[in-house]
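Peer 1: Here you go, one structure.
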Amino acid sequence: MAKKILIIQLRQLGDVILTTPLTRQVRKLYPHAEIHFLTETLGSHVYQYNTNINKLIIIKNKMNFTELLKTYYKINREKYDVVIDCFCNPKSAQFTFFSRAKERIGFNFSSRKFAYNKRIQSHEDNEYSAITKLRLISHLGSNLDDYEIEFPITNTLKTYANNFFNQYKIEKKIIAFHVVSRRDYKIWNANEFISLANILIEKGYFLFFTYGHNEYDMALQVYNGVQKKESALINYPIPNIPELRALLEHCSLYVGNDGGIKHLAVCANIPTLTIFQNINWTNWTPPNTNKHVAITNCLQIENFCKNCIKKSHCYNKLKAGDVVALLLPL
């Protein structure tokens, strides 16, 4: 019986959120084990208030050789019985290998086989990523139907969110409107976002523009095209990740680009309509529900699309009307 377990998912925000079903099930399978979670700073917010883990280990995104050696030593010294590598990139594979855990679990990627003594074949079909991660512990008894992601928050954060929206006296139905992304190829056409914004406002919604640090100017480009600016909010102190998670509970809907904030919205239990740039929308959208809708104009032509992900020829042909048509059932 495992007494000490390490779970690894270094980044990104959405990918760390998608590990929460696995962590929850590891806790159910090993109720008395000491469970640690290794991640980088951004992802650490996901487990700040999650009681399924006992210890959160936070490392920097970029580490020099000395820092890497210290991390190898720190992980090895913990004497883990089981290490589950949900990330399976070269760095996380090295952490797993140097743990010297009795059971080291990872996906069966040829270049990282050295790190794992329990190799799981990755699922070939497009599949919700939370379910794919659960396959890592299928031999331990995971339930692939228990894939609901979670991001618990405190009563203090709920009070913060109440005060936030009371301050701005917003009485209409609120849409979390996410027009930004750290990756250029994930950003939908700004002019179509403007058209969509004006349509939504005419339908009686209030738009809460969400964005992170260094993304304000990108959001402002769309906001400047909004005709009724009294029905949109863009200027406010940028919340941290747990604060934004709390704010999303006050929204009626999430509409925007694919990214970590969309997964926060799913955790906040609000409907989502995500505009995707390519065929892989199934990897990032909860299945078997009409509550979370994805739209893409990808031609799904395999040989053509392989080289298209950062050109997004089809993606840029989506129109605001196409998106509005999907809003009706939400």
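Peer 1: Given the condition under 14 Å from residue 277 (Cβ atoms), small (Gly, Ala, Ser) and within 24 Å of the chain's Cα centre (by Cα), answer yes or no: does some residue in the range 183-200 qualify?
Peer 2: The answer is no, given that none of the residues of the range 183-200 is under 14 Å from residue 277 (Cβ atoms), small (Gly, Ala, Ser) and within 24 Å of the chain's Cα centre (by Cα).
Peer 1: Residues being of a type outside the set (Gly, Ala, Ser), within 15 Å of the chain's Cα centre (by Cα) and more than 11 Å from residue 133 (Cβ to Cβ): count how many of those fall in the range 18-47.
Peer 2: Within the range 18-47, residues that are of a type outside the set (Gly, Ala, Ser), within 15 Å of the chain's Cα centre (by Cα) and more than 11 Å from residue 133 (Cβ to Cβ) number 7.
Peer 1: Something else now. I'm told residue 133 meets every condition in (1) assigned to a loop (DSSP other than H, G, I, E, B); (2) at pLDDT 95 or above; (3) among the charged types (D, E, K, R) except one. Can you identify the failing condition by its number?
Peer 2: Every condition holds for residue 133 apart from (1).
Peer 1: From the list 44, 99, exactly one residue is hydroxyl-bearing (Ser, Thr, Tyr), surrounded by fewer than 20 Cβ atoms within 10 Å (Cβ to Cβ) and in contact (Cβ under 8 Å) with a residue 12 or more places away in the chain. Which is it?
Peer 2: Values: 99 fails: surrounded by fewer than 20 Cβ atoms within 10 Å (Cβ to Cβ).
That would be 44, the only listed residue that is hydroxyl-bearing (Ser, Thr, Tyr), surrounded by fewer than 20 Cβ atoms within 10 Å (Cβ to Cβ) and in contact (Cβ under 8 Å) with a residue 12 or more places away in the chain.
Peer 1: Can you name the condition, by its number, that residue 147 falls short on among (1) of a type in the set (Phe, Trp, Tyr); (2) modelled with pLDDT of 95 or more; (3) surrounded by fewer than 14 Cβ atoms within 10 Å (Cβ to Cβ)?
Peer 2: Residue 147 satisfies all of (1) of a type in the set (Phe, Trp, Tyr); (2) modelled with pLDDT of 95 or more; (3) surrounded by fewer than 14 Cβ atoms within 10 Å (Cβ to Cβ) except (3).
Peer 1: Could you say which residue among 110, 92 is more than 23 Å from the chain's Cα centre (by Cα) and polar (S, T, N, Q)? Outline the logic, then answer.
Peer 2: Working: 92 fails: more than 23 Å from the chain's Cα centre (by Cα).
Criteria check complete, one pass: 110.
Peer 1: Condition test on residue 56, is it assigned to a helix (DSSP H, G or I), closer than 29 Å to residue 242 by Cβ and not basic (Lys, Arg)?
Peer 2: Values: assigned to a helix (DSSP H, G or I): no; closer than 29 Å to residue 242 by Cβ: yes; not basic (Lys, Arg): yes.
It is false that residue 56 is assigned to a helix (DSSP H, G or I), closer than 29 Å to residue 242 by Cβ and not basic (Lys, Arg).
Peer 1: Next question. Just wondering, is there one or more residues in the range 266-275 that are at pLDDT below 95 and part of a loop (DSSP other than H, G, I, E, B)?
Peer 2: no
Peer 1: Every residue in the range 196-210 that is assigned to a helix (DSSP H, G or I) and of a type in the set (Lys, Arg), please.
Peer 2: Here is the first cut: in the range 196-210, the residues assigned to a helix (DSSP H, G or I) are 196-202.
Correct list: empty.
Peer 1: Another question about this same structure. Does the range 71-91 contain at least one residue that is buried (at least 16 other Cβ atoms within 10 Å of the Cβ), touching a strand residue (DSSP E or B) at 6+ places or on another chain (Cβ under 7 Å) and over 22 Å from residue 57 (Cβ atoms)?
Peer 2: The answer is no, given that none of the residues of the range 71-91 is buried (at least 16 other Cβ atoms within 10 Å of the Cβ), touching a strand residue (DSSP E or B) at 6+ places or on another chain (Cβ under 7 Å) and over 22 Å from residue 57 (Cβ atoms).
Peer 1: Those residues that are assigned to a loop (DSSP other than H, G, I, E, B), of a type outside the set (Val, Ile, Thr) and farther than 15 Å from residue 261 by Cα, I need them from the range 211-230; list them, please.
Peer 2: Applying the first criterion (assigned to a loop (DSSP other than H, G, I, E, B)) to the range 211-230 yields 211-215, 224-228.
In the following step, the residues that additionally are of a type outside the set (Val, Ile, Thr) were identified as 211-215, 224-225, 227-228.
Selection gives 214, 224, 225, 227, 228.
Peer 1: Are any residues in the range 54-70 modelled with pLDDT of 95 or more, open to solvent by 20 Å² or more (accessible area, probe 1.4 Å) and of a type in the set (A, V, I, L, M, F, W, C), and if so, which ones?
Peer 2: Within the range 54-70, 56, 58 meet the criteria.
Peer 1: Scan the range 297-315 and give yes if some residue there is of a type outside the set (A, V, I, L, M), open to solvent by less than 20 Å² (accessible area, probe 1.4 Å), at pLDDT below 95 and on the phi > 0 side of the Ramachandran plot, otherwise no. Show your work before the answer.
Peer 2: Going through the range 297-315, the residues of a type outside the set (A, V, I, L, M) turn out to be 297-298, 300, 302-308, 310-315.
Adding the requirement that they be open to solvent by less than 20 Å² (accessible area, probe 1.4 Å) leaves 308, 312, 314-315.
The next check asks that each one be at pLDDT below 95; those that pass are 308, 312, 314-315.
Subsequent filtering for residues that are on the phi > 0 side of the Ramachandran plot retains 312.
Yes: one or more hits.
Peer 1: If we keep just the residues of the range 154-186 that are part of a loop (DSSP other than H, G, I, E, B) and buried (at least 21 other Cβ atoms within 10 Å of the Cβ), which is modelled with the lowest pLDDT?
Peer 2: 181
Peer 1: If you don't mind, there's one more thing I want to ask. Kindly indicate whether residue 290 is of a type in the set (S, T, N, Q), surrounded by fewer than 22 Cβ atoms within 10 Å (Cβ to Cβ) and under 16 Å from residue 208 (Cβ atoms). Break it down stepwise before answering.
Peer 2: Working: of a type in the set (S, T, N, Q): yes; surrounded by fewer than 22 Cβ atoms within 10 Å (Cβ to Cβ): yes; under 16 Å from residue 208 (Cβ atoms): no.
No, not satisfied.
Peer 1: I've got another one for you. All but one of (1) closer than 22 Å to residue 297 by Cβ; (2) over 20 Å from the mean Cα position of the chain (by Cα); (3) in contact (Cβ under 8 Å) with a residue 60 or more places away in the chain hold for residue 173; state the number of the condition that does not hold.
Peer 2: (1)
The values are calculated or read from the model by the stated rules, or taken from the named source; none is laboratory data. No experiment lies behind these values; they were computed from the predicted model shown. Don't worry about glycine lacking a Cβ; one is built from the backbone with ideal geometry, like all the others, and counts go over all protein chains shown. Calculation scope for accessible area: heavy atoms of the full protein, side chains included, ligands and nucleic acids excluded. Shrake-Rupley method; radii C 1.70, N 1.55, O 1.52, S 1.80 Å.
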